[in-house]
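Here's the structure, in structure tokens; my notes come after.
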Amino acid sequence: MTGPAPARSRLRTLSGWAEGRLDGLIALESRAQVTGPTLLHGDLYPFNLLLTPDRVVAIGWPHAWIGAPFCDVLTLLSSAQLSGIDPQSLAQSHPLTRDLAPGRIDEFLALHSGFLLRAVATAGPEADPNIVAMMTALGLASVQWLQRRWPATG
């Protein structure tokens with residue numbers, strides 16, 4: 001997002017922290033390693049989970065892909081803080097994330113937030129405001145988690 005000034009200005013409005021560290025975040029994102037053998041949902045947020053009395057069902061699979069097993073977990077955990085839940089403590093205990101090197105989590109959070117906030121910052125006037133608001137909230141949740149982690153681990 002080093003390109004158009006309007007997109008960078010929108011990012012500054014959304015997160016001055018991210019805009020001020022954009023080159024470092026782009027470098028961090030470029031190191032993200034998300035390849036792997038696992039079928040991933042690709043959009044695993046609470047609104048795509050259906051709770052039944054005896055199980056959890058993931059719904060809405062149009063963004064499914066094959067990748068690293070921790071990706072869906074980190075996506076879901078990053079959204080947890082929208083409900084006031086600390087994703088860090090959950091990541092430290094989850095079997096798919098507890099043994100990840102801290103840099104891998106940071107890289108994923110940069111990738112995830114970069115994807116969402118790039119879409120928000122470049123959205124035109126025809127974009128659905130509800131989707132833009134959702135992407136903004138989810139992108140900022142990832143940025144906020146990364147902000148708490150990243151000079152300490154980066």
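Every read-out reported here was derived from the displayed coordinates using simple, explicitly stated rules and does not represent laboratory data. Treat the numbers as computed from the prediction; the structure is a model and nothing was measured. Heads up, the Cβs are rebuilt from the backbone with ideal geometry, glycines too, and the neighbour counts pull from every protein chain shown.
Counting only other residues whose beta carbon sits under 14 Å from that of Leu25, what net charge do I get with K and R as +1, D and E as -1? Net charge in that neighbourhood comes out at +1.
Each listed q (0.18, 0.21, 0.24 Å⁻¹) maps to a log10 I(q)/I(0) for the range 71-151 from the Debye sum over equal C-alpha point scatterers, namely -0.70, -0.90, -1.11. The spacing between the range 35-84 and the range 88-130, judged by their C-alpha centroids, is 12 Å.
Can you give the calculated 222 nm mean residue ellipticity of the chain, where each DSSP H run of n ≥ 4 adds -39,500 (n - 2.57) and the sum is split over every residue, rounded to the nearest 500 deg cm²/dmol?
After summing the helix terms and dividing by residue count, I get -17500 deg cm²/dmol.
First measure r as the distance between the Cβ atoms of Leu96 and Ala27, then evaluate 1/(1 + (r/R0)^6) with R0 = 22 Å and state the FRET efficiency to the nearest 0.05. Don't skip to the answer; put the middle values down first.
Details: r = 25 Å, r/R0 = 1.15.
The formula returns an efficiency of 0.30 here.
Result for the chain in a Gaussian network model with C-alpha springs under 10 Å: among Leu51, Leu25, Leu116, the largest mean-square fluctuation is at Leu51. The chain: longest stretch without exposed trypsin sites (Lys or Arg not before Pro) (DSSP loop, at most 16 other Cβ within 10 Å), sites themselves excluded? Longest stretch, sites excluded: 99-154.
How much FRET efficiency would the formula 1/(1 + (r/R0)^6) give for Gln88 and Glu126, where r is the Cβ-Cβ distance and R0 is 41 Å, rounded to 0.05?
Details: r = 37 Å, r/R0 = 0.91.
After rounding, the FRET efficiency stands at 0.65.
Please say if the range 1-69 is rounded, prolate or oblate, where rounded means a/c under 1.5 for a ≥ b ≥ c the square roots of the C-alpha gyration tensor eigenvalues, and otherwise the choice is prolate for a/b larger than b/c and oblate otherwise?
On the way: a/c = 3.17, a/b = 1.89, b/c = 1.68.
In terms of gyration-tensor shape, prolate.
Placing unit charges on the Cβ atoms only, positive for Lys and Arg and negative for Asp and Glu, gives the chain a dipole magnitude near 320 debye about its Cα centre. Remark: the range 1-143 is approximated by an ellipsoid whose semi-axes, taken from the C-alpha gyration tensor as √(5λ), come to 25, 19, 14 Å, largest first.
Between Leu50 and Arg8, the contour length at 0.36 nm per residue exceeds the Cα-Cα span by 11.5 nm.
Here's the picture: charge each Lys and Arg Cβ at +1 and each Asp and Glu Cβ at -1 in the range 1-89, and of Ile85, Ala27, Leu39 the one pushed furthest to the positive end of that dipole is Ala27.
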